[in-house]
Amino acid sequence: MDRRSFLRTSAVLASGLAALAASLSPLRKLDDYVSLERFVQKYYKELTPEEMKQVLKRIENEVERQYGIRPHVRDLKPMDGVEYVYALNLTRCIGCRKCVHACVQENNLSRTPEIQYIRVLKMPHGSLDVEKGEHNYAPESVPEKGFFYMPVQCQQCKNPPCVKVCPVHATWQETDGITVVDYDWCIGCRYCEAACPYWARRFNFTQPSIPKERINPDMAYLGNRPRRQGVMEKCHFCIQRTRVGRYPACLEVCPAGARKFGNILDPNSEVSYILRTKRVFIQLKEELGTSPRFFYYFDT
Amino acid sequence: MDQPSAEDDQRGLPTGYQQRPHRMNSRFKATLVLRGLVVLFVGLAAAFLLNLWGRPAPLHPIPLVDPAFLDTATVRRSYADLVRAKEDLSDFDCYACHEKNKPPVLRYDEHQNLLIPREHSDIVMGHGQHGRNNNCFNCHNETNLELLQTRDGRQVKFADSSQLCGSCHGPTYEDWEVGAHGRISGYWNRSRGPIKRQDCVNCHNPHAPPFPSRPPAPGPHLLHELAEAPVPAATAH
């Protein structure tokens, strides 16, 4: 081989290798997508308390690196003797959508693209057919004459179709009735989204984006810790609030007092009283047999 | 063997070139291809490093929602709220203008509608349909204007106004006591912390009780409209 052809061949080889290296360069940021600790992490239900501590620390570090805020992440377990029920008073709801945005703020939902757990339907009087619902209403002021408003979110079914279809058991029903998602176990197949008759599940098609100043640092593992691209999420009755005894964020912001939440096993709770005394229009799409824990009702 | 041709090979290229022009042509081609490959590879490397493809189209950021929509404050503030916040209570200082022990005289037009004096022009009377509840002293105490009174004569302080409401709206009051009517915040689990229950007048104007209408928060934005145009603050239909 003469000198010239040697130089030529090595130039081709060198540039080819450079191109190959450059094409693999995104691997340098692999840690952003999956850290080794997360990759080898065990299933949520198999984690020992010690391992859980490590996991929570890892999540805190990851959130701090990504958003510049040190969060407080907890793993909250269901309380004994508690089964959550939500009751929503359709006579009171004025359709102001404050619950939608309080939920986004509380649960660290992506702002661009937009992910919202609650969808408020504007429905004509005289029908409960959700097909007649309209969610893009934007009048000067609400409520509008001749309409009522029906916020729809995860119904926390007793017989949840989304849990049945999950091929990896990344979503399950807890003993207090909340159906949760382990965002570190979800493979993003979206079967649950297809199975849900209430359109309650949301998929992260892109990396969610949340401005730093709108991060809620009070987080829970099965609750509002930031999600990543390619996983499902859904309403979890504000686990980080309700499992320490507080009301969910959507309830506290409702200006009309249309939202009621509590423990159905406690006969003195508001929800027990409501289900006993009010005209409860049982559950949304009750004919499907999902048996929601979310009740819509009317009063005077 | 042909001597001259062996010499040709030993002497190298020029003779061969003259004798077999196609051989140089293929070398020339090889040089071109290799140079082309170098350019291509360098270009690819640059493209990979700059991540020219594989990057999704940038999304127009959706405007953040006005923090006013995240506010958990009530629609109105009750007398108790004003006292707690140490704010201006002059609206409740009746005897700054009225005389004690001299009940104000109510005036009506020919249809028995209450004529509201200029000093109270901020009050809109709309309690009860068809102007039925048109007597100030159905709720206010005639002799002591700084008190309220129920229709059976019980005297009630401004701070306890919900009891007055309950003297007519019994079932609603019952719901309110349980927590089924009106706003509650704090702890559903009473053993973990306190609750805050709002008074009737935190949401209802006692002179015109229907819940006021308000502008709705922005509706949902579609994902595919993001790549096309900046989104207006309020969604279009």
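Worth pointing out:
- Per-region count, segment A:251-268, residues in contact with a strand residue (DSSP E or B) (Cβ under 6 Å, 6 or more places away or on another chain) and more than 7 Å from chain B (Cβ to nearest Cβ): 4
- Selection of segment B:84-115 for residues being under 37 Å from the mean Cα position of the chain (by Cα) and in a loop (DSSP other than H, G, I, E, B) yields B:85, B:86, B:87, B:88, B:89, B:93.
- Residue in segment A:49-61 that is among the β-branched types (Val, Ile, Thr) and closer than 24 Å to residue A:211 by Cβ present: yes
- Test: residue in segment A:142-150 that is buried (at least 22 other Cβ atoms within 10 Å of the Cβ), in contact with a strand residue (DSSP E or B) (Cβ under 7 Å, 6 or more places away or on another chain) and within 12 Å of chain B (Cβ to nearest Cβ): yes
- Test: residue in segment A:50-68 that is part of a strand (DSSP E or B) and surrounded by fewer than 19 Cβ atoms within 10 Å (Cβ to Cβ): no
- Scanning segment A:80-123 for residues that are at the interface with chain B (Cβ under 9 Å from one of its Cβ atoms), closer than 16 Å to residue A:260 by Cβ and hydroxyl-bearing (Ser, Thr, Tyr) gives a single hit, A:84.
- If the condition is being without any contact (Cβ under 8 Å) to a residue 40 or more places away in the chain, part of a loop (DSSP other than H, G, I, E, B) and more than 8 Å from chain A (Cβ to nearest Cβ), then segment B:67-83 contributes only B:73.
- The residues on offer are A:67, A:149, and the sole one that is under 19 Å from residue A:255 (Cβ atoms) and either among the hydroxyl-bearing types (Ser, Thr, Tyr) or at pLDDT below 95 (or both) is A:149.
- Those residues of segment A:122-162 which are among the aliphatic types (A, V, I, L, M) and farther than 18 Å from residue B:219 by Cα, in sequence order: A:128
- The single residue among B:45, B:57 that is more than 8 Å from chain A (Cβ to nearest Cβ), of a type in the set (A, V, I, L, M) and either touching a residue at least 24 places away in the same chain (Cβ under 8 Å) or surrounded by 15 or more Cβ atoms within 10 Å (Cβ to Cβ) (or both) turns out to be B:57.
- Filter result for residue B:170 (within 14 Å of chain A (Cβ to nearest Cβ), modelled with pLDDT of 90 or more and loosely packed, with under 15 Cβ neighbours inside 10 Å): yes
- Selection of segment B:173-190 for residues being touching a helix residue (DSSP H, G or I) at 6+ places or on another chain (Cβ under 8 Å), among the aromatic types (Phe, Trp, Tyr) and facing chain A (nearest Cβ under 7 Å) yields only B:188.
- Those residues of segment A:187-212 which are β-branched (Val, Ile, Thr) and out of contact with any Phe, Trp or Tyr (no Cβ under 9 Å at 6 or more places or on another chain), in sequence order: A:187, A:206
- Set side by side, the residues B:20, B:35 differ, and just one is at pLDDT 70 or above, of a type in the set (Lys, Arg) and surrounded by 10 or more Cβ atoms within 10 Å (Cβ to Cβ), which is B:35.
- Being aliphatic (A, V, I, L, M), out of contact with any Phe, Trp or Tyr (no Cβ under 7 Å at 6 or more places or on another chain) and in contact (Cβ under 8 Å) with a residue 12 or more places away in the chain is true of residue B:62.
Per-residue answers, yes or no, for (1) of a type outside the set (S, T, N, Q); (2) part of a loop (DSSP other than H, G, I, E, B); (3) at pLDDT below 95:
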position: A:157; (1), (2), (3): yes, yes, no
position: A:163; (1), (2), (3): yes, no, no
position: A:169; (1), (2), (3): yes, yes, no
position: A:172; (1), (2), (3): yes, no, no
position: A:175; (1), (2), (3): no, yes, no
position: A:180; (1), (2), (3): yes, no, no
position: A:192; (1), (2), (3): yes, no, no
position: A:205; (1), (2), (3): yes, yes, yes
position: A:208; (1), (2), (3): yes, yes, yes
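The values are calculated or read from the model by the stated rules, or taken from the named source; none is laboratory data. Keep in mind the model is a prediction, meaning the values are calculated, not measured. Positions of Cβ are backbone-derived with ideal geometry, glycine not excepted, and every protein chain shown enters the neighbour counts.
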